[in-house]
Amino acid sequence: MEDALIETEGIEKGGIREDGHGIAFLVSDTSGYPIAGDYEIPVKYNADTIIILPVNEKKVYIYWELTEQLLIDKIQSSAAASFKVRIYEIPHARQIDYEKDYSEKEIYSTEVKGQYGQIFAECAAYFKPMTAAIGIKRDGVFHELLKSNQINVPSFRVLGLKEEFRSRGILHKWEQNEGEVIGQTETEIEVISRLLAMKSKDNEITGLLLRLIENIRYLSDEDKEALELIIGLFGSKDVRVLRLLIEFLRSLRIKGGGSGGSIMKLFGDFKEMSDSGGTISGSGINR
Amino acid sequence: MIKGYWLPVLHCHLPFVKHPEYDYFLEEHWLFEALFETYLPLLMRLKRFEADGVDFRLTVSLSPPLVEMLVDEYLMGLFIRYMDRLTELSQKEMNRVKNDSGMLNVAEFYNKRFIEIRTFFTGELNGNVLNGYKHFSDKGRLEIITCGATHGFLPLLRANPRAVEAQIAIATQCHYEHFGKAAAGIWLPECAYYEGLDEILKKYGIKYFFLESHGVNNAVPKPKFSVYSAVNTLNGLAVFARDPETSKQVWSSMSGYPGDPDYRDFYRDIGYDLEMDYIKPYVSPDGNRVFTGLKYYKITGKTENKLPYDPVAAFNKTKIHAGHFCSSRYTQAEALSSAMDRPPLMVSPYDAELFGHWWFEGPDFLYHVLLKLQRDKIIKPVTPSEYLSYHPMNQTVAPSPSSWGENGYYEVWLNNDNGWIYRHLHFMAGAMEKIADEYYDMPDDAQETNALNKRVLNQMVRELLLAQSSDWAFLITQATATEYSLKRTKEHISNFNALLGSFKSDTVNIDFLKWLEYKNSIFKNLDFRVFSGKNKLITD
């Protein structure tokens, strides 16, 4: 087919947009809305609020509302009209290691007027985890009044996922085979898929699970059985059991984890210890 | 030997617009025009495939607001009136242009077409468009996927995670109610994604979704096969991303197929061209001119002296363009396959309303593309589920936050003009969650107070969901239908707060509630408990 055949004149007037939206094809400039009058909506809600939302890779949006009661409670004055809004980047490391003190890094600060307002802030942090706070500065010290929600979650890179990792989606049963994939055995892929499928919101556990995956190269049937048990334990809502599971996974890591049968043995030890009220070696975590 | 796959997706969505308080309401015509020019003509082409014994594969996302409007008795009654009025106009037109053979040819074409579409709708589909989609879905040729409950822009609703979950929970429930099966996939409203959304989707049984190209290309780690293979998220959901090349060939305003001189000119419509005395019964009763769908001219070229439209020549041009599109895919697949361990996948998502309404000949183009691919057997058209059955093993990545809006992120839906909306949406979601928790264990009996409380709480959820529709923020940014979009947003915020206030003070106005239930009637079977943290469906 000759390309010349598809030369077009282009569409005049409004044209169409590559980032189109179905409604844009239907809306007419002459559209009118015959309902007279306007709807009344609240100006504010008398609720202490600060919310941060991402706009794009360089900008965030923050809105806030501070009640008089909050100002009285926190700064003993309801007359304040000027505040500071700060934005902090949350270090990735803090997401996976609670034990060390990774402090938040201030990446933006501005003065704002009013107990109720909104700002757009330029923060070139490409969807890094962030949080915002509003407060007041007195004698050179920032007194925080409210802390916002956190936006963005850490990039998966920090959790150690390698490019070679493949997994099956949840659409398919595990029995399905697609033949050998270079760099990974079928068993490994199955394990990876299962572990990823049960990924917890708890990044500490996720980090450990992924390190475990990296250590596991060859699994025996017994190992697979152990993994089933881990999955069962993982489904428990019992925080104590989950803590023990973390310790168990850590002990796997310490022992280099992964050669045939080792997981089953370690898991047996783990169960025994948790049943008998003892502690996992070196963990200091008691039942 | 198959050299690649083509995955066409048509996203069908319109916001819920229903104004029984007016005999004629301009914005209700969005639905009628889309039905008359896009949804029904597309289904008619699929029926033609069936009649000819041609196999095909197509994926359509039917958004819950659209689905709810398509089964709304009031709106479908108006749609029949709309078709009748247009058929009457086309008959008048045949008389008006009887001495102009070029125009008469077009008028006769429209009259025949309008009658065929109406017959298809009332006869074959029994007045329910969903019957057509279900028919092809049952045959395994059409994969129907869902969308957000009211097309809420999920990354900006997540300040209240329950609001995001409710959008997904209600969407999947709506899909099941109307199609009798669970939705395997979702078209994320505006293709908008944020990290962690896949976890919520998984809870509701969603197995795959679509992203804009950069949502996958900027993933971590970088996908080896770019957008030419599915990838899996951490939660095991498959992700398909747009192939930019196929999009450009159809979307581009300058070099895309729809701009061909032989195709119908969108703007030259008799609703604007003819004397008001003649056209008045067919445009807005307040005298505003509107598109009628009767357009006599072809694009012709960069001139105001347009030539008459020739439906046969245009139809033949779609064959040429389909041929070009297919041969371009063969070349593309050849070039890509050398660097891949599997045949490349080319994903082509389009707004359905592009085909037929905007690009009048779009359904014919699609028909010829699918026909040619089926005959040539070089590129295989697939549905997402079919592709994943061939290639279940995919690279695991964390997709990047993205949308298909201008500049690729969220700014179309969050800027100086529409940022004010989110404060209200977040407050409403928070208040709804709190009150849903409080009344979660309320008995579902016929006792008057309980029944009334439930109706109020259900309607509050409807008002919140309707306010969340991304269409309003989009239109405000585009500065088209701005007044309507502003008022719709404010209307639902106002309704929600009025209901909340009256509920708390035990002063519910029954007439007001009844009116809202009738007018904003989306999701008849909705239960306010969807917003509660106690809801098993949501928390498990």
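The values are calculated or read from the model by the stated rules, or taken from the named source; none is laboratory data. Given the structure is predicted, the values throughout are model-derived calculations rather than measurements. With ideal geometry, Cβ positions are generated from the backbone for all residues, glycine too; neighbour counts draw on all protein chains shown.
Give me a count of the residues in region B:348-395 that are within 16 Å of the chain's Cα centre (by Cα) and of a type in the set (A, V, I, L, M).
2
Please work out which residue is surrounded by the most Cβ atoms within 10 Å (Cβ to Cβ), limiting yourself to region B:330-341 and to residues that are within 14 Å of chain A (Cβ to nearest Cβ) and outside any helix (DSSP H, G or I).
So in region B:330-341, the residues within 14 Å of chain A (Cβ to nearest Cβ) come out as B:330-332, B:340-341.
With outside any helix (DSSP H, G or I) added as a condition, the list becomes B:340-341.
Values: B:340: 16, B:341: 12.
Result: B:340.
Test residue B:366 against the stated conditions and say whether it is on the phi < 0 side of the Ramachandran plot, at pLDDT below 95 and not hydroxyl-bearing (Ser, Thr, Tyr).
Here the answer is no, as residue B:366 does not meet what is asked.
Can you pull out every residue in region A:60-86 that is within 27 Å of residue A:123 (Cα to Cα) and within 31 Å of the chain's Cα centre (by Cα)?
A:60, A:61, A:62, A:63, A:64, A:65, A:66, A:83, A:84, A:85, A:86
Check region B:37-46 and report whether any residue there is within 11 Å of chain A (Cβ to nearest Cβ) and under 27 Å from residue B:287 (Cα atoms).
Yes, because at least one residue in region B:37-46 is within 11 Å of chain A (Cβ to nearest Cβ) and under 27 Å from residue B:287 (Cα atoms).
Has region B:289-307 got at least one residue that is surrounded by fewer than 20 Cβ atoms within 10 Å (Cβ to Cβ), among the aliphatic types (A, V, I, L, M) and either more than 30 Å from the chain's Cα centre (by Cα) or under 19 Å from residue B:250 (Cβ atoms) (or both)?
yes
Do any strands (runs of 3 or more DSSP E) entirely within region B:167-253 hold 2 or more residues that are among the acidic types (Asp, Glu) and modelled with pLDDT under 95, and if so, which?
Counting at least 2 such residues, we get no strands (runs of 3 or more DSSP E) at all.
Yes or no, residue by residue, for (1) under 23 Å from residue B:31 (Cα atoms); (2) in the same structural domain as residue B:37 (by TED's automatic domain parsing); (3) surrounded by fewer than 23 Cβ atoms within 10 Å (Cβ to Cβ):
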| residue | (1), (2), (3) |
| --- | --- |
| B:285 | yes, no, yes |
| B:328 | no, yes, yes |
| B:343 | no, yes, yes |
| B:353 | yes, yes, no |
| B:366 | yes, yes, no |
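Please determine, by comparing only the residues of region A:108-140 that are assigned to a loop (DSSP other than H, G, I, E, B) and touching a strand residue (DSSP E or B) at 6+ places or on another chain (Cβ under 9 Å), which one is surrounded by the most Cβ atoms within 10 Å (Cβ to Cβ).
Restricting to residues being assigned to a loop (DSSP other than H, G, I, E, B) and touching a strand residue (DSSP E or B) at 6+ places or on another chain (Cβ under 9 Å), the top hit is A:127.
Test each condition in (1) under 30 Å from residue B:377 (Cα atoms); (2) in contact (Cβ under 8 Å) with a residue 24 or more places away in the chain for residue B:53 and report the one that comes out false.
All conditions pass for residue B:53, except number (2).
Residues being modelled with pLDDT of 90 or more and either among the hydroxyl-bearing types (Ser, Thr, Tyr) or closer than 14 Å to residue A:119 by Cβ (or both): count how many of those fall in region A:67-81.
Final tally of qualifying residues: 1.
With the condition kept exactly as written, say whether any residue in region B:256-272 is at pLDDT below 90, within 30 Å of residue B:338 (Cβ to Cβ) and facing another protein chain (nearest Cβ under 10 Å).
Taking every residue of region B:256-272 in turn, at least one turns out to be at pLDDT below 90, within 30 Å of residue B:338 (Cβ to Cβ) and facing another protein chain (nearest Cβ under 10 Å).
Would region B:222-230 turn up any residue that is surrounded by fewer than 20 Cβ atoms within 10 Å (Cβ to Cβ) and aromatic (Phe, Trp, Tyr)?
Yes.
Just give me the residues in region B:230-260 being in contact (Cβ under 8 Å) with a residue 12 or more places away in the chain and either outside the structural domain of residue B:385 (by TED's automatic domain parsing) or over 19 Å from residue B:366 (Cα atoms) (or both), in sequence order.
Across region B:230-260, the qualifying residues are B:230, B:231, B:232, B:233, B:234, B:235, B:236, B:237, B:238, B:239, B:240, B:241.
Go through region B:514-540 residue by residue and tally those that are surrounded by 19 or more Cβ atoms within 10 Å (Cβ to Cβ) and either among the hydrophobic types (A, V, I, L, M, F, W, C) or over 30 Å from residue B:201 (Cβ atoms) (or both).
The qualifying residues number 8.
Considering only residues that are at the interface with chain A (Cβ under 8 Å from one of its Cβ atoms) and in contact with a Pro (Cβ under 8 Å, 6 or more places away or on another chain), which ones fall in region B:383-403?
B:395, B:397, B:401
Of everything in region B:231-255 that's of a type outside the set (S, T, N, Q) and surrounded by fewer than 20 Cβ atoms within 10 Å (Cβ to Cβ), which residue is farthest from the other protein chains (Cβ to nearest Cβ)?
B:245
Going by what's in this entry, would residue B:317 be described as at pLDDT 95 or above, within 14 Å of another protein chain (Cβ to nearest Cβ) and part of a helix (DSSP H, G or I)?
yes
Any chance region B:418-434 includes a residue that's of a type in the set (D, E, K, R), surrounded by 24 or more Cβ atoms within 10 Å (Cβ to Cβ), more than 10 Å from chain A (Cβ to nearest Cβ) and in contact (Cβ under 8 Å) with a residue 40 or more places away in the chain?
Within region B:418-434, none of the residues are of a type in the set (D, E, K, R), surrounded by 24 or more Cβ atoms within 10 Å (Cβ to Cβ), more than 10 Å from chain A (Cβ to nearest Cβ) and in contact (Cβ under 8 Å) with a residue 40 or more places away in the chain.
Looking at (1) assigned to a helix (DSSP H, G or I); (2) out of contact with any Gly (no Cβ under 7 Å at 6 or more places or on another chain), which is the only condition residue B:43 fails?
For residue B:43, the failing item is (2).
On the basis of being without any contact (Cβ under 8 Å) to a residue 24 or more places away in the chain and away from chain A (no Cβ under 14 Å), does residue B:487 make the cut?
no
Identify all residues within region B:2-24 that are at the interface with chain A (Cβ under 9 Å from one of its Cβ atoms), closer than 30 Å to residue B:385 by Cα and not in a strand (DSSP E or B); write none if there are none.
B:13, B:14, B:15
So which residues in region B:41-61 are out of contact with any Leu (no Cβ under 8 Å at 6 or more places or on another chain) and not basic (Lys, Arg)?
B:41, B:44, B:50, B:51, B:52, B:53, B:55, listed by residue number.
Give the number of residues within region B:96-148 that are part of a loop (DSSP other than H, G, I, E, B) and not hydrophobic (A, V, I, L, M, F, W, C).
10
Results for (1) in contact (Cβ under 8 Å) with a residue 40 or more places away in the chain; (2) farther than 26 Å from residue B:66 by Cβ, shown as yes or no for each residue.
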| site | (1), (2) |
| --- | --- |
| B:264 | yes, no |
| B:289 | no, yes |
| B:297 | no, yes |
| B:304 | no, yes |
| B:317 | yes, yes |
| B:320 | no, yes |
| B:337 | yes, yes |
| B:343 | yes, yes |
| B:358 | yes, no |
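If residue B:259 satisfies every condition in (1) within 29 Å of residue B:317 (Cβ to Cβ); (2) out of contact with any Asp or Glu (no Cβ under 6 Å at 6 or more places or on another chain); (3) crowded, with 20+ Cβ neighbours inside 10 Å; (4) of a type outside the set (Asp, Glu) but one, which is the exception?
Failing condition for residue B:259: (2).
What are the pairs, 6+ residues apart or on separate chains, where a residue within region B:450-475 that is without any contact (Cβ under 8 Å) to a residue 40 or more places away in the chain has its Cβ under 6 Å from a residue that is surrounded by fewer than 24 Cβ atoms within 10 Å (Cβ to Cβ) and hydrophobic (A, V, I, L, M, F, W, C)?
B:450/B:442
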